[in-house]
């Protein structure tokens with residue numbers, strides 16, 4: 001049986017929470033479950049509006065879709081959200097330039113289907129390792145890929161917050177898709193960069209493992225947020241945790 005928990009936190013430096021999440025272990029339209037993280041950007045209220053509106057639009061579109069293929073369902077929903085965000089921004093000067101990252105995921109049987117735009121992330125973790133499944137659409141990630149900087153330098157780079165893809169940035173949005181076969185012990189973590197800029201991957205894994213046996217998903221999520229805030233809390237923090245096969249994991 002799948003179990004999940006989602007939460008956002010304003011952090012210690014921001015006046016407004018521009019992160020927005022959605023989490024449902026129950027069917028949404030033709031999808032057996034649905035999880036979304038969005039990290040908005042823009043002027044006062046605009047980023048908040050962009051993330052919330054994008055998540056609500058994706059949920060609405062998935063719920064109404066007659067498609068059976070999950071990738072097609074998600075792709076159409078994200079593209080509709082992008083179109084509508086562009087439209088809203090053109091109509092309201094207060095929303096000009098708004099945008100948001102988005103990560104969308106669903107567990108179908110033993111497979112995880114993921115879509116992402118921007119630098120919010122999805123990880124799969126178990127007792128021994130944590131793997132980033134999504135690929136950051138950011139200037140710094142491009143520099144790492146091209147060999148301009150080393151991976152360990154990326155987190156501290158002054159341009160680390162510049163993203164190269166976002167919902168609302170262009171008329172057409174380029175989406176990455178991933179399919180991963182899940183194991184019984186796997187846990188899924190979806191998060192905004194308010195977590196990953198503050199907490200190293202190996203420390204995230206340590207927290208997940210510390211809380212694996214005797215803590216609830218609620219307590220584990222709170223421990224991740226506490227770690228980000230204790231390290232500075234410079235941004236909003238979004239966390240979605242999923243145990244795809246919670247009842248199958250031997251304790």
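The values are calculated or read from the model by the stated rules, or taken from the named source; none is laboratory data. It should be emphasised that the depicted structure is a prediction, and the values quoted were computed from it without experimental measurement. Cβ atoms come from the backbone with ideal geometry, glycine included; neighbour counts cover every protein chain shown.
For the reader, a short list of remarks on this structure follows.
- Those strands (runs of 3 or more DSSP E) of the range 71-187 in which 3 or more residues are surrounded by fewer than 16 Cβ atoms within 10 Å (Cβ to Cβ) occupy 176-181.
- Selection over the range 10-37 of residues that are farther than 21 Å from residue 49 by Cβ, part of a loop (DSSP other than H, G, I, E, B) and in contact (Cβ under 8 Å) with a residue 12 or more places away in the chain gives a count of 6.
- Criterion: more than 13 Å from residue 105 (Cβ to Cβ), surrounded by 17 or more Cβ atoms within 10 Å (Cβ to Cβ) and modelled with pLDDT of 95 or more - qualifying residue of 23, 65: 65
- Options 229, 197; residue that is closer than 23 Å to residue 161 by Cα, modelled with pLDDT under 95 and surrounded by 16 or more Cβ atoms within 10 Å (Cβ to Cβ): 197
- Evaluation of residue 44 against (1) closer than 17 Å to residue 168 by Cβ; (2) over 18 Å from the mean Cα position of the chain (by Cα); (3) in contact (Cβ under 8 Å) with a residue 24 or more places away in the chain; (4) buried (at least 17 other Cβ atoms within 10 Å of the Cβ) (one fails), failing number: (4)
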